[in-house]
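Only one structure is covered here, and it is reproduced in the block below.
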Amino acid sequence: MTAVQTTYREAIRLALLDAMAEDGDVILIGEEVGVYGGAYGVTKGLIELYGAHRVIDSPISEAGIVGVAVGAAMTGLRPVVELMYVDFAGLVMDQLANQAAKSRYMFGGQIGVPMVLRTQGGTGRSAAAQHSQSLEAWMLHVPGLRLVMPATVNDAYHLLREALRQPDPVVFIEHKGLYTMKGVLDVTTPDGPWGAPVLRRAGADLTFVTYSRMLHECLAAAETLAAQGIEAEVIDLRCLNPMDDAAVMASVRQTGRAIVVTEAAVTGSVASELAARIGEACFDWLEEPVLRIGGEDIPIPVSPALERGSIPSAALIAEAGRWLVSRKAPAWA
């Protein structure tokens, strides 16, 4: 198989399938990952192929699940933990941030924790305030953790495969709104190398920097702007840690304008970090201030209409881009 049309969900499942076939040390642990097939169906059928000793249904204890995975990784296995929602990250932060992330440093490189924590974030299912957050900034703040957020079908496969080759713990956040998205998967050709952003659209007038589902909103906004004579460049970060921001800085120095877009609440977000970096590295090239567009600093509403209104849309992003180029008062001012 080379290039096939499939879904984001199936690409992740195939990555797990291939990794388990190649490496007998890869095991899956989580609530309902076995018989039920995972909260979003990603691990469906894997227990029939690899048995309950490699696809392990756990008790409802997130701290216990991750604690077991940390120990398993330290002793030679490559566990893949499924945390049903990123909102539950607070329950595992001691195991993840204090144990998994610090072990290589504290043991002088003698013991690593080569585990992957798969989890799901974002809005779009009216799952309300406790099951719809985007908490990647929590992970970004922890030295020693790797953080990945794929936005395409191809990246969903290749970045997960690469995550399972890393010597350090990787937090792999899938957007629940992308699971049914279709796209082309080429198992021989990744979108780009591990840790590097990918240019998704070229442009000369401004730069959109984003990741995960907001990539698709930014691409739609760029198409709207193109029809009005404004060419926006769109950069997909993909890997937030390690984050190679050289391509971002090169783009901003070319366009002179930058908008960083995230679905997460904007205060203390990845967008805030990137905006600060751009301001420091590209000050002499900037024609306008760096803009951040993110979710409202509110709990996610359960109402579908209010939920949609709490995060950036393609229309809002396009309006911000138009304003940044023309400096005319935007509709949202």
Original post:
If you check Glu162 against the conditions, is it in contact with a strand residue (DSSP E or B) (Cβ under 7 Å, 6 or more places away or on another chain) and acidic (Asp, Glu)?
Top reply: no
Subject >> the range 126-170 - residue that is among the β-branched types (Val, Ile, Thr) and not in a helix (DSSP H, G or I) and, of those, surrounded by the fewest Cβ atoms within 10 Å (Cβ to Cβ) >> reply: Val142
Original post:
Would it be correct to say that Glu231 is closer than 29 Å to Ser310 by Cα, under 21 Å from the mean Cα position of the chain (by Cα) and at pLDDT 95 or above?
Top reply: no
**OP:** May I ask you to list pairs of residues, at least six apart or on different chains, whose Cβ atoms are under 6 Å apart, with the first in the range 171-200 being closer than 19 Å to Ile235 by Cα and the second being of a type in the set (Phe, Trp, Tyr) and outside any strand (DSSP E or B)?
**Re:** Leu178/Tyr8
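Examine the range 186-193 for a residue that is outside any loop (DSSP other than H, G, I, E, B) and modelled with pLDDT of 95 or more, and state whether such a residue exists. First the steps, then the outcome.
In the first step, residues of the range 186-193 are kept if they are outside any loop (DSSP other than H, G, I, E, B); the result is 186.
From what is left, the residues that are modelled with pLDDT of 95 or more are 186.
Yes, the range 186-193 contains at least one residue that is outside any loop (DSSP other than H, G, I, E, B) and modelled with pLDDT of 95 or more.
Could you tell me whether the range 155-162 includes any residue that is in contact (Cβ under 8 Å) with a residue 12 or more places away in the chain and touching an Asp or Glu at 6+ places or on another chain (Cβ under 6 Å)? I'd like the intermediate steps shown before the answer.
Start the filter on the range 155-162 by keeping residues that are in contact (Cβ under 8 Å) with a residue 12 or more places away in the chain, which leaves 155-162.
This time we only want the ones that are touching an Asp or Glu at 6+ places or on another chain (Cβ under 6 Å), so: 155.
Yes - at least one qualifying residue is present in the range 155-162.
Residues are listed down the side, and each one gets a yes or a no for (1) among the β-branched types (Val, Ile, Thr); (2) closer than 15 Å to Val170 by Cβ:
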| site | (1), (2) |
| --- | --- |
| Ile65 | yes, no |
| Ala69 | no, yes |
| Gly76 | no, no |
| Met84 | no, no |
| Phe88 | no, no |
| Val92 | yes, yes |
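If you take just the helices (runs of 4 or more DSSP H) that sit entirely in the range 226-333, which of them hold at least 2 residues that are buried (at least 17 other Cβ atoms within 10 Å of the Cβ)? Don't jump to the end; show me each part of the working.
Working: elements: 246-255, 270-281, 304-309, 314-326.
Output list reads 246-255, 270-281, 314-326.
When you go through Ala271, Ala315 one by one, which is the residue that is assigned by TED's automatic domain parsing to the domain that holds Met214, modelled with pLDDT of 95 or more and under 29 Å from Val142 (Cα atoms)? Full working, then the answer.
Working: Ala315 fails: under 29 Å from Val142 (Cα atoms).
Only one candidate qualifies: Ala271.
Results for (1) of a type in the set (D, E, K, R); (2) touching a residue at least 12 places away in the same chain (Cβ under 8 Å); (3) buried (at least 17 other Cβ atoms within 10 Å of the Cβ); (4) in the same structural domain as Arg13 (by TED's automatic domain parsing), shown as yes or no for each residue.
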{"position": "Gly37", "(1), (2), (3), (4)": "no, no, yes, yes"}
{"position": "Ile60", "(1), (2), (3), (4)": "no, yes, no, yes"}
{"position": "Val70", "(1), (2), (3), (4)": "no, yes, yes, yes"}
{"position": "Ala89", "(1), (2), (3), (4)": "no, yes, yes, yes"}
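Which helices (runs of 4 or more DSSP H) does the range 43-122 wholly contain that include 1 or more residues that are within 25 Å of Ser212 (Cα to Cα) and modelled with pLDDT of 95 or more? Full working, then the answer.
On the way: elements: 46-50, 62-74, 103-106.
Filter on the range 43-122 gives 62-74.
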Subject >> Residue under evaluation Glu31, criteria (1) closer than 23 Å to Ala11 by Cβ; (2) surrounded by fewer than 17 Cβ atoms within 10 Å (Cβ to Cβ), criterion not met >> reply: (2)
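The values are calculated or read from the model by the stated rules, or taken from the named source; none is laboratory data. A quick note: this is a predicted structure, and the numbers were derived from the prediction, not measured. Cβ atoms come from the backbone with ideal geometry, glycine included; neighbour counts cover every protein chain shown.
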